[in-house]
Amino acid sequence: MPDDAPFDLPGCLARVRRRDQAAARELVEHLYPLVIRIVRGRLPRRTAEEDLAQEVFMKMFARLDQYQGAVPFPHWVSRIAVTTCIDHLRAQQRRPEFRWADLSEQEAEVLDAVTADEAAARPADALAARELVDKLLGQLKPEDQLAIRLLDLEQKSMVEVRELTGWNIPLIKVRVFRARRKLRQLFKALENSERS
Amino acid sequence: MNSTDKKWQRLAAAARQAPEERDSTAPYGFAARVAARAQAAAPEAGLPLERLAFRALGVACLLAVLGVLLNLNPAAQPAAAPEDWFFMTEDPAAILLELT
């Protein structure tokens with residue numbers, strides 16, 4: 001099969017249901033970029049991304065008979081990935097509150113820059129910004145964290161978030177509202193700890 | 001949008017600029033390993049032979065229960081004959097002695 005040929009997902013699924021191992025391999029390879037993107041964005045601390053991706057695929061195969069085709073198959077798989085990540089995030093203890101002193105030098109600079117209304121331009125600043133965002137989001141509930149990550153970092157629309165998570169729009173709005181309120185508190189706490 | 005929300009939006013915008021350097025294709029052997037594990041873990045209840053075996057087990061259990069019930073039914077025991085009742089309630093020796 002040439003590389004640019006579209007992937008025959010229904011055909012592959014039918015072969016997987018007939019316990020064709022080669023088809024199962026093809027399905028994993030096809031869906032791996034989607035799953036690993038979700039896993040990397042929501043990876044709990046001290047969890048290997050490959051282990052989590054494997055867990056997602058094992059659940060996918062175990063529940064394959066339950067897939068009725070009501071939503072596109074990649075959306076169905078992404079919901080499994082999302083709930084698996086949330087379960088892992090729930091299972092681990094919340095991060096302890098962090099203060100200004102806990103930030104690396106670059107993270108503190110980035111925070112100074114966004115506070116002073118300056119854009120962080122250098123690639124190193126962008127990496128530090130991502131680290132800082134991960135630290136801040138680590139303080140939120142897993143569901144709130146996921147909602148704000150999808151909307152503000154991955155810039156998905158409400159409808160896309162609904163398709164990816166299976167949550168309804170009012171629930172997404174509540175979770176985003178809660179996440180933003182908590183982020184405000186965190187920024188305020190960081191600023192207070194900087195002054196002290 | 002208040003100033004803290006703006007700070008968050010600026011920080012999120014900066015974080016989005018971070019390059020994604022990690023490869024997003026499946027590592028070598030990952031797909032084969034996962035497919036093999038999934039197949040090993042999958043229940044094979046869908047196989048016709050197994051379904052037939054389960055049905056046969058059900059029928060065998062039903063027959064066993066029926067057999068036990070039939071053997072325990074008191075109606076199936078042979079009823080006592082009238083002569084047996086006579087010897088159980090009367091003493092034949094005493095009756096003969098009285099006649100003589």
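The values are calculated or read from the model by the stated rules, or taken from the named source; none is laboratory data. All figures in this text were calculated on a predicted structure; none of them were measured in a lab. In this analysis, Cβ positions are derived from the backbone assuming ideal geometry, glycine residues included, and neighbour counts consider all displayed protein chains. Heads up: the accessible areas ignore ligands, DNA and RNA and are worked out on the full protein's heavy atoms, side chains in. Shrake-Rupley method; radii C 1.70, N 1.55, O 1.52, S 1.80 Å.
Students sometimes get this wrong: rank B:3, A:193 by accessible area, probe 1.4 Å, all chains present, largest first. Each step should come with its number before you reach the end.
On the way: B:3 75, A:193 30 Å².
Listed by decreasing accessible area, they come as B:3, A:193.
Shielding by partners for B:23-29, please: the mean number of other protein chain Cβ atoms within 10 Å of each residue's Cβ.
Details: counts 2, 7, 4, 12, 4, 0, 0.
Taking the mean over all residues of the peptide, I get 4.
Return the calculated 222 nm mean residue ellipticity for chain A, to the nearest 500 deg cm²/dmol, obtained by summing -39500 (n - 2.57) across DSSP H runs with n ≥ 4 and dividing by the residue count. Show your work: numbers first, answer last.
Working: 9 runs with 131 residues, N = 196.
Computed mean residue ellipticity for chain A: -21500 deg cm²/dmol.
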- prompt: Points 7 angstrom from Cα along the Cβ direction at residue B:23 and residue B:70: gap in nanometres?
  reply: 7.0
task: Exposed loop GluC sites (Glu not before Pro) only (DSSP loop, at most 16 other Cβ atoms within 10 Å): please give the longest stretch of chain A free of them, not including the sites.
output: A:1-96
query: Which ³J(HN,Hα) values, rounded to whole Hz and listed in residue order, are derived for region A:58-65 from phi using the Karplus coefficients 6.51, -1.76 and 1.60 in 6.51 cos²θ - 1.76 cosθ + 1.60 with θ = phi - 60°, glycine and proline given as x?
result: 5, 5, 4, 5, 5, 9, 4, 5
statement: Tilt, helix A:169-195 to longest principal axis of chain A (alpha-carbon atoms), in degrees rounded to tens, equals 30
